[in-house]
Amino acid sequence: MKFLLTHFIIVIQYVHKCLKTLKYKCIKKVMNFLSGILQYLPESLTSKVVGRDAVFRSTTNKTFENEDSLPSLPVPPLRSTLDHYLETVRPVVTDEEYKITETICRNFENEVGVDLQKMLIKRSELHKNWLEQWWEDVAYLQGRLPLIPFSNMTGSQPNFDFWPIKTGT
């Protein structure tokens, strides 16, 4: 026990030194070592040790504890989706372009849209959230650009005229 505490103090000093020099690999090694040591220390000591995840732990709620009680993501009616699309397009197109877009939407609604809507409904019966996997794939995994600064969940960004990197920068 005394041996472990001595090593623990040495490790803490090493972490302090790493933090001063900001060596990420060093900090990562120490944190892995600490997690190995903590399992051998008595509960009375480890409860007072602040681990790297302690800041994010909740004593009252767990992140996904109520997920099973949440309703499934509903599939919106096709007509409603198309109406929202037309409402969104209206301010940015001319009257002629809007009539063409409206015709395309109505043709889609009466032809292939019906079959696609049935497929979505079938997918929603198999998955609690029918959109989740597609969203992750398209929004985060499909793009080959770095997520930062090209992905911003809090709002829109100005034009990215700094990418691709210009010669000499």
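The values are calculated or read from the model by the stated rules, or taken from the named source; none is laboratory data. None of these values were measured; they are calculated from a predicted model. Counting neighbours? That spans all protein chains shown, and the Cβs are built from the backbone with ideal geometry, glycine included. Calculation scope for accessible area: heavy atoms of the full protein, side chains included, ligands and nucleic acids excluded. Shrake-Rupley method; radii C 1.70, N 1.55, O 1.52, S 1.80 Å.
Heavy-atom surface analysis with a 1.4 Å probe gives the stretch 78-141 a carbon and sulfur content of 59 percent of its accessible area. Across the stretch 100-107, rounded Karplus estimates of 3J(HN,Hα) from the backbone phi angles (6.51 cos²θ - 1.76 cosθ + 1.60, θ = phi - 60°) give 5, 4, 5, 5, 4, 4, 5, 5 Hz, Gly and Pro being marked x.
Here's the list of aspartates and glutamates a cross-link from Lys118 could span, going by alpha-carbon distance under 16 Å and ignoring same-chain residues fewer than 8 apart: Glu109. Across all directions, the average projected area of the convex hull around the alpha carbons of the stretch 78-141 is 5.4 nm². Solvent exposure of Glu67, expressed as accessible area, is near 90 Å², computed with a probe of 1.4 Å over the protein chains only.
Would any residue of the stretch 67-83 have its amide N under 12 Å from a label point 7 Å out along Cα→Cβ of Leu120? List them or say none. Residues 74-83 qualify, since their backbone N sits under 12 Å from the label point.
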